[in-house]
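Visitor: This is the structure I have questions about; it appears just below.
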Amino acid sequence: MTFETIAAKLADYKGIDVTTITPDSTFEELAVDSLDIADLVMQIEDELGVSIELDHDVTDMKALVARIEEAKNA
């Protein structure tokens, strides 16, 4: 799953403009809280049939994409 796909899902989920989301965007900058991320990750887990580990190190889009890629390749 690419950054663009995840950004589009997040933008749709939060009702924000996808062009405002960059790989370096932090969740704080995007006004995305931990519950939003957990819900988004659960949707992605269901789509991909994987388990994605989240912890306090996942604070931006780049880290989220990396975790998703790790789960896909595990």
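The values are calculated or read from the model by the stated rules, or taken from the named source; none is laboratory data. Keep in mind it's a predicted model, so treat the numbers as computed, not measured. When the accessible area is computed, the model is the full protein with side chains, heavy atoms only, and any ligands, DNA or RNA have been set aside. Shrake-Rupley method; radii C 1.70, N 1.55, O 1.52, S 1.80 Å.
Visitor: Whenever you get a sec, compute what percent of the accessible area on region 8-60 sits on carbon and sulfur atoms (1.4 Å probe). Walk me through the intermediate numbers first.
Guide: Working: 1650 of 3320 Å².
Carbon and sulfur atoms account for 50 percent of the accessible area of region 8-60.
Visitor: Counting only heavy atoms of protein chains, what accessible area per residue, in Å², does the chain have with a probe of 1.4 Å? Please list the in-between numbers first.
Guide: On the way: 4410 Å² over 74 residues.
Computed with neighbouring chains in place, this is 60 Å² per residue.
Visitor: List the extent of the Cα atoms of the chain along each of their three principal axes, largest first, rounded to whole Å.
Guide: 31, 22, 20
Visitor: For the chain, what does the helix formula give at 222 nm: sum of -39500 (n - 2.57) over DSSP H segments with n ≥ 4, over the residue count, nearest 500 deg cm²/dmol? Let's see the in-between values first.
Guide: On the way: 3 runs with 40 residues, N = 74.
So the calculated ellipticity at 222 nm is -17000 deg cm²/dmol.
Visitor: Let me ask something else about it. Anyone know which of ALA31, ALA63, ALA11 comes out most mobile in the 10 Å Cα GNM of the chain?
Guide: ALA31
Visitor: While we're here: Between the helical axis of 3-14 and the dominant principal axis of the chain, each derived from Cα atoms, what acute angle in degrees is found, rounded to the nearest 10?
Guide: 60
Visitor: Under 5 Å between amide H atoms, partner at least 5 residues away or on a different chain: which partners does ASP60 have, H built in plane at 1.01 Å?
Guide: Amide H neighbours of ASP60: PHE27.
Visitor: Okay, moving on. How far is helix 61-73 tilted off the main Cα axis of the chain, in degrees rounded to 10, range 0 to 90?
Guide: Its long axis makes an angle of about 20 degrees.
Visitor: A further question on this structure: Does anyone have the angle between helix 34-48 and the longest principal axis of the chain? Alpha-carbon axes, 0 to 90°, nearest 10?
Guide: Computed tilt is about 50 degrees.
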